[in-house]
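Asker: Sending over a structure as structure tokens; questions will come in a sec.
The numbers here are math on the coordinates, done by the rules we state, and not lab data. Worth saying up front: this structure is predicted, and the values here are computed from it rather than measured. Virtual Cβ from ideal backbone geometry, glycine too; neighbours counted across all protein chains shown.
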Amino acid sequence: MAYHIVFEDLPLSTRRPSDSKFRHTDAAKKLKAQPNEWARVQERKKRGDAATAAYQIRNGILAAFRPAGAFEAKSKTVGDKFYVYARYVGDVSASDGFQ
């Protein structure tokens, strides 16, 4: 069987760009403006989704919440709603560890 490749430009995307990056950036800026204050930053449809989002915030997986450890986050269930709460605690990577 012969292997055949074709060089061509990528087709234009038909997907609409996500605005989640902008929402995360906005939330992170607002949290930084009020350090150590908890805020509800998301409502999710499933308990597991809220827990995953909180994990992503805590660990800096979402770029707006880097470096890892600069934000604390928790998922909470209130009635039948699943929320993500977060707060900015400071850039721990910027400190030298001395008090």
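Residues are listed down the side, and each one gets a yes or a no for (1) of a type in the set (A, V, I, L, M, F, W, C); (2) assigned to a loop (DSSP other than H, G, I, E, B); (3) closer than 16 Å to A27 by Cβ:
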| residue | (1), (2), (3) |
| --- | --- |
| G69 | no, yes, no |
| A73 | yes, no, yes |
| F82 | yes, no, no |
| R87 | no, no, yes |
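Asker: Pairs, please: C-beta under 6 Å, at least 6 apart or cross-chain, first residue more than 16 Å from R23 (Cβ to Cβ) and in region 39-60, second surrounded by 14 or more Cβ atoms within 10 Å (Cβ to Cβ)?
Answerer: What qualifies is R47/F82; A51/S75; R58/A73; G60/R66.
Asker: Moving on. In region 18-50, which residue that is within 12 Å of the chain's Cα centre (by Cα) and among the hydrophobic types (A, V, I, L, M, F, W, C) is nearest to A86 (Cα to Cα)?
Answerer: Among those that are within 12 Å of the chain's Cα centre (by Cα) and among the hydrophobic types (A, V, I, L, M, F, W, C), it is V41.
Asker: Tell me, which residue of region 67-87 that is of a type in the set (F, W, Y) and under 13 Å from the mean Cα position of the chain (by Cα) is nearest to A54 (Cα to Cα)? Don't jump to the end; show me each part of the working.
Answerer: Filtering region 67-87 down to residues of a type in the set (F, W, Y) leaves 71, 82-83, 85.
Okay, now just the ones that are also under 13 Å from the mean Cα position of the chain (by Cα), so 71, 85.
Details: F71: 10, Y85: 7 Å.
If we take residues in region 67-87 being of a type in the set (F, W, Y) and under 13 Å from the mean Cα position of the chain (by Cα), then Y85 is nearest to A54 (Cα to Cα).
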